[in-house]
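Before any comments, here is the structure.
The values are calculated or read from the model by the stated rules, or taken from the named source; none is laboratory data. Remember, predicted model here, so these are calculated numbers, not experimental data. Every residue, glycine as well, gets a Cβ built from its backbone with ideal geometry; the counts of neighbours run over all protein chains shown.
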């Protein structure tokens, strides 16, 4: 610092912050506009009421300091860095709240030690002082190794179901790396956008740890609404449309002659999300981005309207994270992913081959992982969590083994035999050949 600062200096707006508003990129905003803008950004970052007091106070402090970045641009870097450190603190606080202040720990001989602590640091010191070799704690009802580090806390939260989703698991790994970079890194300068992203991510993590998914969230969204929709296509397959079933009778894009229709329950537009793959619907395979269920069809528009009047289907709520898909490998080919209930309804030759049960947020994630495994791509795990893909492999075996693994993970394996129907054009072939070298392996 070149000189002593006065109170007036401390109260002055940092000129760099005046450019950090929608209208200030070229022309700096006024101080009042800049303050109001940053307060609006901070106001949407809200923790759920269930969140513990210690975590809440730490987050509220970061949110307050974010607004003070208008006075000192360097504070945005401090907020972003502290938010990444707070990721670990939130896990620690949730760990102690989950165990209600007392954690049972086992040593390698199976002897149990009960550690009562006022906070995580207190617990960790006591566990370390016991000098246990290979300490274990209960995770999801099983005694599992626990090292007490950030990596161990993430694994604990995952096993207890406090953190979820295959794609968000990869973000958690990134957050772990960012936390370590902040703790051991060098000088850097970040802006309000970086700080806001770090806080937004932290909000989602904290709320999820306390059992509150985020509406429309990036990492841990709430279950999504599925509407009753129609999908229709021409006999030539050159045109395909979709819309709300309630508009089927009046839509200008629907026709009776030369068109085929199905009625489905699917994501149309929910919490700012739509299904970009809806027009690639396949009744036997999971080709849409969100779960899509065939309700009726195929048939004509008139028949669809009759079914709608007689049955009056309603929207539902669907959690699309951590689904279970079955992927079949047979005769040098990988087939598109299938929902367990549909696979359970297969018979005869359709049951042959090796089957993978994969936990993933989307069917194509599961398919790409299995294709990589069967093609011999390095780095893909054949069991458990994959570091290359946002999936976990539950089992590889015959169809019955895969169905048992799916049922054990909570999937519905009640056999279903929907009619074989898919929309043109065929963007995804149902059967994808493996490379020649991989296809020749047993």
Taking into account only those residues within region 370-407 that are closer than 23 Å to residue 347 by Cα and without any contact (Cβ under 8 Å) to a residue 12 or more places away in the chain, which is surrounded by the most Cβ atoms within 10 Å (Cβ to Cβ)? 404
If we keep only residues of region 163-177 that are in contact with a helix residue (DSSP H, G or I) (Cβ under 9 Å, 6 or more places away or on another chain) and surrounded by fewer than 17 Cβ atoms within 10 Å (Cβ to Cβ), then the residue farthest from residue 114 (Cα to Cα) is 167
Name, by its number, the condition in (1) assigned by TED's automatic domain parsing to the domain that holds residue 209; (2) at pLDDT below 90 that does not hold for residue 22. (1)
Do any strands (runs of 3 or more DSSP E) lying entirely in region 319-435 carry at least 2 residues that are within 30 Å of residue 270 (Cβ to Cβ) and outside the structural domain of residue 166 (by TED's automatic domain parsing), and which ones are they? 323-330, 354-360, 391-397
Could you tell me how many of the residues in region 198-221 are touching a residue at least 40 places away in the same chain (Cβ under 8 Å) and surrounded by 14 or more Cβ atoms within 10 Å (Cβ to Cβ)? 16
Pick out the one residue from 169, 114, 164, 136 that is in contact with a strand residue (DSSP E or B) (Cβ under 9 Å, 6 or more places away or on another chain) and closer than 30 Å to residue 364 by Cβ. 169
Six or more apart or on different chains, Cβ under 6 Å: which pairs go from a residue in region 142-162 that's farther than 14 Å from residue 385 by Cβ to one that's in a helix (DSSP H, G or I)? Could you list them? 146/152; 148/124; 150/88; 150/176; 153/91; 162/209
Suppose we filter region 15-62 for residues that are assigned to a loop (DSSP other than H, G, I, E, B), free of Cβ contacts under 8 Å to residues at least 60 places away in the same chain and surrounded by fewer than 19 Cβ atoms within 10 Å (Cβ to Cβ); how many remain? 10
Pick out the one residue from 84, 106, 3 that is touching a residue at least 12 places away in the same chain (Cβ under 8 Å) and over 24 Å from residue 201 (Cβ atoms). 106
Take residue 273 and decide whether it is in contact (Cβ under 8 Å) with a residue 12 or more places away in the chain, surrounded by 23 or more Cβ atoms within 10 Å (Cβ to Cβ) and either in the same structural domain as residue 250 (by TED's automatic domain parsing) or touching a strand residue (DSSP E or B) at 6+ places or on another chain (Cβ under 9 Å) (or both). no
Could you count how many residues in region 119-157 are surrounded by fewer than 15 Cβ atoms within 10 Å (Cβ to Cβ) and part of a loop (DSSP other than H, G, I, E, B)? 9
